[in-house]
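Notes to accompany the following structure.
The values are calculated or read from the model by the stated rules, or taken from the named source; none is laboratory data. Since this is a predicted model, take the numbers as computed values, not measurements. Cβ coordinates were reconstructed from backbone atoms using ideal geometry, including for glycine residues, and neighbour counts include every protein chain displayed.
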Amino acid sequence: MIYNSLGVKMRGEQDCVLTGSIVQDNVPVLEQNYVEKMNANNGFTEKRMFRKIASIPITAVLKARQDGYNFDDRKDLNRYLEEHPGFRSVDHVDTGRSPNIIVK
């Protein structure tokens, strides 16, 4: 559930300031992520066409954007998920590196 207490405070005729805050209960999201993480399919759908790796609440996304994260950049998203493992719905996120050991 999201609690919104935002308001607009006018400063003059054309200037305004947003006041208040947004609060969200993240416990249901964290519990659902834990259940999905314990599932044997590792985030993949039944036909393995889609993999859900995380579920991030909107308030956490807004806070992350304020902190400078860009979720359109895969490296930034992976860094955020490493720092906040409760939002991941899988044990491991593929980083794109080869799992094979190369010996030269």
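Only a single item in (1) at pLDDT below 80; (2) touching a helix residue (DSSP H, G or I) at 6+ places or on another chain (Cβ under 6 Å) is not met by G86, and it is number (1). Only one of the numbered conditions (1) under 19 Å from the mean Cα position of the chain (by Cα); (2) modelled with pLDDT of 80 or more is violated by N42, and that is (2).
Pairs needed: first member in the range 45-72, closer than 17 Å to G86 by Cβ and among the charged types (D, E, K, R); second member anywhere, at pLDDT 85 or above and surrounded by 12 or more Cβ atoms within 10 Å (Cβ to Cβ); C-beta distance under 6 Å; at least 6 residues apart or different chains. Once the first residue is closer than 17 Å to G86 by Cβ and among the charged types (D, E, K, R) and sits in the range 45-72, its partners that are at pLDDT 85 or above and surrounded by 12 or more Cβ atoms within 10 Å (Cβ to Cβ) give K52/S89. Of all residues in the range 75-96, those being surrounded by 11 or more Cβ atoms within 10 Å (Cβ to Cβ) and either at positive phi or of a type in the set (V, I, T) (or both) number 2. Residues that are loosely packed, with under 15 Cβ neighbours inside 10 Å, among the hydrophobic types (A, V, I, L, M, F, W, C) and closer than 16 Å to H92 by Cα within the range 33-74 comprise V35, M38, A40, F44, F50, listed in sequence order.
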